[in-house]
Amino acid sequence: MSRDLQIGAATAEDLVWSHELRHRVYAQELGQHTPRPEGRLSDALDGDNVYLVAARGPVRIGFVSLTPPWLGRYGLDKYLTRDELPLLSEQGLFEVRILTVEPRLRGTAAAPLLMYAALRWISSRGGRAVVAMGRTELLDMYRAVGLRPVGRTVRSGAVTFEVLTGEVARLTQRATTRYRTVLERFGSEVDWQLDMDWAPGPDGCEHGGASFTAVGTDFRTLHRRHEVVAADVLDAWFPPAPGAAAALAEDPAWSARTSPPTGAEGLLSEVATARALPVDTIVAGAGSSDLIFRAFGRWLTPQSRVLLLDPGYGEYAHVTERVIGCRVDRFRLHRKEGWRIDFARLASVVGAGRYDLVVVVNPNNPTGRHAPAAELRTLIAAAPAGTRWWIDEAYLGYVDLAESLAPLAAVDPRVVVCTSLSKMYALSGVRAAFLVAEPATAALLRRWTPPWAVSLPAQLAAVAALRDPAHYRACWLRTHTLRRQLAADLARIAGTAVVEEGVANFLTITLPYDGPSAARVVRECRRHDVYLRDLSPLSPQYEGRTVRVAVRDTAENARIVAAYGAALEALRPGSLAWRSAESPIGVTADHAR
């Protein structure tokens, strides 16, 4: 196969051709629909669906249509009610429709490539499951890629369809393992014109941090750190406290070669002093991810039920769903409600859900919203006794450390509070964090903690940082000023995009429905060495059009604003970048809520 096979988003001309092809196949060839005099076939979803097209040069080969959940309706609604097919009411469900290839070209790889493109598009928009109607005579093909029948058959004209479904994570894993060799070959042969990478990340967890790729993960071009604006991760824009910097610089050769205190005893003591907590309630870790993997791996099994806020930090979904295999539900936060928690609704869900674990990131990443400690305490007090609460306070310093639930966690066996020293204390590189739990829970986790879990440089820096609260209070206050100015500067050039601040060291930009996708804007900004975060993979709530921007210092914030403005200009309708970008078809202004 030559590289002239393109997979891309449909243009207006492609849609005209797709209507004609649909008529030839589904009306004339298969008899699903009555032939029409105009020779075209379309339906009510065509103005809203996303179409992906396979072509070889000017010759169009085939297409597939996608219905995202934010439309609030599916093609299957014409055939089955939500009571008959409850699957249609599930969160994060995308419908794959009308996979069609020109009759004379059906022997090519177009159909499987379009199916793979649909899967990647759905995954890049936070999709968790797919639903489709597959012709019964092609059922083996659909089973081969991992789709399974749900036990519902649909008859349309002379054609019979099976309703099929599959989880996006499992479909992706199947594609990248069972068909790895084929995908590697196609990856070098196909002209991939979509706005997501050809292949998923190695572990399937979407993190920020692409900016370090630009610096150089082999560490041979570290001078690039002065050229790249790393606003895709939430590392602090400010330096660590002077004492922490001095601790790292004083005798690096000694700290590099010397084994640290085995159980980070000095760090535990300093945390206890700084936060007025009993030392036996504290467990140290090499960053919050270390503590998440360690604790969840001890507490949870594939039979455990977990509730996550959506949108929310992706590490929790990765660990619970993909690593452990728990049964995970999501409590949806809504843009129209300012992404704030509806505590009455959450209390009802938790009360009825028999959850083993509920995770609350507070302030929330990526929404930037803070839930008052008093309301969380009331919520937890009313929850079932068997439900454990994990409260992630990685960004709480930007609000007020007095809002911490750590004192509650120290006495209530149902509550654990995790605090990273990375983001708030400018120590992301050394990896230090701690959790607070009642003594018995903390003792169990310490028993499963390997010796020397926190490096000596990390222990030295963390202790010094905790001894200088005044330095960090000033930095957190300055962050609010920088964030407000960055938001104002972005809003002035954002057009109809919406800039939302939140309370921590980041903000979000939500692009208009008729504008470029978040992925295109992020990619265009990288041309200027400015790295932002496309939030689409975290949640379908972001509809593929929300970008997160970390607050940097004044000079780097100015570069962010300039790069964002240049990206909008490059991607405006009619520009060269716009013509090569994802078509706005399927994301029209008609979707305004």
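The values are calculated or read from the model by the stated rules, or taken from the named source; none is laboratory data. This structure is a prediction, so every number in the text was calculated from the model and none was measured. All Cβ positions, even for glycine, are placed from backbone atoms using ideal geometry, and neighbour counts span all protein chains on display. All accessible areas refer to the heavy atoms of the entire protein, side chains included, with ligands and DNA or RNA removed. Shrake-Rupley method; radii C 1.70, N 1.55, O 1.52, S 1.80 Å.
List of remarks:
- Theoretical ellipticity at 222 nm over the chain - DSSP helices of four or more residues, -39500 (n - 2.57) apiece, nearest 500: -10000 deg cm²/dmol
- Length gained when the stretch E337-E29 is fully extended (0.36 nm per residue, less Cα-Cα span): 106.0 nm
- Taking the chain and dividing mean pair separation by its residue count, relative contact order in percent (alpha carbons under 8 Å, at least six apart): 16
- Helix 469-493 vs. the chain, principal-axis angle (Cα, 0 to 90°, nearest 10): 30
- Multiplying the residue separation of A558 and A12 by 0.36 nm and subtracting their alpha-carbon distance yields 192.9 nm.
- The stretch 272-401 pair-distance distribution - Cα-Cα, 5 Å bins, rounded %: 2, 9, 20, 22, 22, 16, 7, 2, 0
- Of the solvent-accessible surface of the chain, computed with a 1.4 Å probe over protein heavy atoms with every protein chain present, carbon and sulfur atoms account for 54 percent.
- DSSP beta bridge pairing in the chain, given as percent antiparallel to the nearest 5: 65
- A dipole drawn for the chain from +1 and -1 charges on Cβ atoms has a positive end, and of G107, F238, G368 the residue lying farthest that way is G107.
- Between Q303 and D83, the FRET efficiency estimated from the beta carbon spacing at R0 = 35 angstrom works out to 0.80.
- For the stretch 1-105, accessible area per residue (1.4 Å probe, heavy atoms of protein chains only), Å²: 42
- In a reduced charge model with +1 at each Lys and Arg Cβ and -1 at each Asp and Glu Cβ, the chain shows a dipole moment near 680 debye about its Cα centre.
- Basic side chains Lys and Arg get +1 at the Cβ, acidic Asp and Glu get -1 at the Cβ, and with that the dipole of the stretch 126-180 about its Cα centre reaches some 180 debye.
- Surface per residue (accessible, 1.4 Å probe) for the stretch 263-311, Å²: 34
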